[in-house]
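To start, the structure under review is shown below, and the notes come after it.
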Ligand SMILES: [Fe+2]
Ligand SMILES: [Fe+2]
């Protein structure tokens, strides 16, 4: 009897193609509610995909695939999670919302290219190393199903990084703020450093 279950690489590649279609739909979409729905779907798909790769596929590749390729993959996932968090908490009416989705799509395109690169990519190296792709495919599918069900009832959780260590970031002056005016307002030279902790709310009180 034919095995209906896709193997690990087929499953992960199908995820890649799906999110590419969603990014294309977002680019063509008009209207805030349509854009928000598509962006939420993109963030859900990417969060589930990164989770199953990080929990199941990448660990199975350890020792079989060049360590640098895997380490870069983890860091690329964490980079994408920053934009996913921004999009998840942002509004389609926000000045940078569309740009964040666009830049996320470019980051993902590059990352997917790395995973799928013939011969030297993670998938090719894993295949060549003889990983049990059918067994891994079944585990990935089961975990994906459970995560989709969980997110459908609880929403997408805040992204969890695996390599970024979470140093505090402060929002500096908004792009359109008069930064020169803010700087002139400082009494001592050293206060210029405070520009980097300047917040939009203090500017609005001027
Ligand atoms: Fe992937
Ligand atoms: Fe990935």
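Once both labels are modelled 7 Å past Cα along the beta-carbon direction, what's the residue 116-residue 54 spacing in nm?
Each label point lies 7 Å from its Cα, and together they span 2.3 nm.
Report the extension gain between residue 5 and residue 68 in nm, rounded to one decimal, defined as 0.36 nm multiplied by the number of residues separating them, less their alpha carbon distance.
19.7 nm
Under 8 Å for C-alpha pairs, at least 6 residues apart: give me the relative contact order for segment 19-151, rounded to a whole percent.
Here the relative contact order equals 32 percent.
Rounded to the nearest 500 deg cm²/dmol, what is the calculated helix-only ellipticity per residue at 222 nm for the chain, with -39500 (n - 2.57) per DSSP H run of length n ≥ 4?
-20500 deg cm²/dmol
Compute the helix-to-body angle for 67-89: its Cα long axis versus the longest principal axis of the chain, expressed 0 to 90° and rounded to tens.
50
Between residue 128 and residue 165, how many nm apart are label points set 7 Å from Cα along the C-beta direction?
3.4
Could you pull out which residues in segment 161-181 have an amide N less than 20 Å from a spot 7 Å beyond the Cα of residue 86, following the Cα-Cβ vector?
161-179, by backbone N distance to the label point.
Values in this text are rule-based calculations from the coordinates and carry no lab data. In this text, all values refer to a predicted model and were calculated from it rather than measured experimentally. Neighbour counts are summed over all protein chains in view; Cβ atoms, including those assigned to glycine, are modelled from backbone coordinates with ideal geometry.
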